[in-house]
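S.K.: Dropping a structure here in structure tokens format, bear with me for questions.
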Amino acid sequence: MTTRKLKRTIAAVETSDGAGVRIKRSIGQTQAVRLDPFLMLDEFGSDRAADYIAGFPSHPHRGFETVTYMIEGHMLHEDHLGNRGNLKNGGVQWMTAGRGIIHSEMPQQEAGVMRGFQLWLNLPARDKMTDAGYRDIQPDAIPVIPQPGATIKLIAGRLTLAGVEHLGAELGGATRPLYADIHLAPDAEITLPVAAELCGLVYLYEGEASLADQPLQRSAASELGEGDRVELRAGAGGARLLLIAGKPIGEPIVQYGPFVMNTREEIEQALQDYRTGRLTA
Ligand code: MN
């Protein structure tokens, strides 16, 4: 067993997207800052409705998946397939854009805290033009694994702890995504297996914690070095963090806004398909 060290810290930068939603973007803040198979990771968190209420009106995607994890607040997803999902506290939306989806993501509250994450997970070339799909994962469908000093919500992937394999709410495709929300009690320590073939990160969003004794910056994607396990330790106030990992795809990426393909020609095709209404045909 080799413990993964902190390889790189990608501090989130404040930006806005959609119709003016304020977000903190770590992975994906420029196209040079990615972590294969992940294209983007946004944290949104505000108690000011003005920061989020305008939401993300109707927009297209092609070539990847979006995973939206709502910690607090309500978000309504509607898409051209007729899916309508109202994401509530602790729920997840798993959307496969595939060959094309047009959807809106609109906050459903005018007061209170809105807090969550959106991850963009790339698809390999052979899956980019798959049929679009959408799945709501309600909070009670996400396995919660109690551990000494810790609680692990396993949104996606498989995690073997003390010889027991736990399955997440979503098992994902070719990139075998692992996505866990980990709450650590004050000064708690936990060791988790993360297969050597996966690239990954931890994202500290509350409290203080260290990875293999290296302090983590809050609101930053802390990239995991090589190895097959992570050792996390919380500070005196406890900590909450995401563990996100996946198998790198290793293909060229050409991105134009919400379209992520392998070649420039495929991007031009996506734009043309969108203009002519064939993105979702
Ligand atoms: Mn979207």
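S.K.: Out of all the residues in the range 50-59, is one or more in contact with a Leu (Cβ under 6 Å, 6 or more places away or on another chain) and within 16 Å of Ser104 (Cα to Cα)?
M.R.: Scanning the range 50-59, I find no residue that is in contact with a Leu (Cβ under 6 Å, 6 or more places away or on another chain) and within 16 Å of Ser104 (Cα to Cα), so the answer is no.
S.K.: For the range 105-124, check the following and say yes or no: at least one residue is surrounded by fewer than 22 Cβ atoms within 10 Å (Cβ to Cβ), at pLDDT 95 or above and farther than 23 Å from Gly18 by Cα.
M.R.: Yes, the range 105-124 contains a residue that is surrounded by fewer than 22 Cβ atoms within 10 Å (Cβ to Cβ), at pLDDT 95 or above and farther than 23 Å from Gly18 by Cα.
S.K.: Hey, among the residues in the range 77-95 that are within 14 Å of His59 (Cα to Cα) and within 13 Å of the ligand (Cβ to nearest atom), which one's surrounded by the most Cβ atoms within 10 Å (Cβ to Cβ)?
M.R.: Here the answer is Met95.
S.K.: What is the one condition in (1) away from the ligand (no atom under 16 Å from the Cβ); (2) more than 23 Å from Gln272 (Cβ to Cβ); (3) not in a loop (DSSP other than H, G, I, E, B) that Gln109 does not satisfy?
M.R.: Failing condition for Gln109: (3).
S.K.: Considering every residue within the range 46-68, establish whether at least one is under 30 Å from Leu198 (Cβ atoms), crowded, with 16+ Cβ neighbours inside 10 Å and more than 13 Å from the ligand (Cβ to nearest atom).
M.R.: Among the residues of the range 46-68, not one is under 30 Å from Leu198 (Cβ atoms), crowded, with 16+ Cβ neighbours inside 10 Å and more than 13 Å from the ligand (Cβ to nearest atom), which makes the answer no.
S.K.: Identify, by number, the condition in (1) under 25 Å from Ser26 (Cβ atoms); (2) surrounded by fewer than 18 Cβ atoms within 10 Å (Cβ to Cβ); (3) in contact with a Gly (Cβ under 6 Å, 6 or more places away or on another chain); (4) of a type outside the set (Lys, Arg) that Gln138 doesn't meet.
M.R.: (1)
S.K.: So the check is Cβ under 7 Å with 6+ separation or different chains; which pairs have a first residue in the range 219-232 that's over 9 Å from Lys5 (Cα atoms) and a second one that's of a type in the set (Lys, Arg) and modelled with pLDDT of 95 or more?
M.R.: Listed by first residue and then by second, the contacts come to Ser219/Lys24; Arg229/Arg4.
S.K.: Please list, ordered by first then second residue, the pairs with beta carbon atoms under 6 Å, 6 or more apart or interchain, first in the range 83-111 and without any contact (Cβ under 8 Å) to a residue 40 or more places away in the chain, second away from the ligand (no atom under 15 Å from the Cβ).
M.R.: Hits for this filter: Gly98/Thr130; Gly98/Asp131; Gln108/His74.
The values are calculated or read from the model by the stated rules, or taken from the named source; none is laboratory data. Since the structure is predicted, the reported quantities are computational estimates derived from the model, not experimental observations. Using ideal geometry, Cβ is built from the backbone for each residue, glycine included, and neighbour counts are taken over all protein chains shown.
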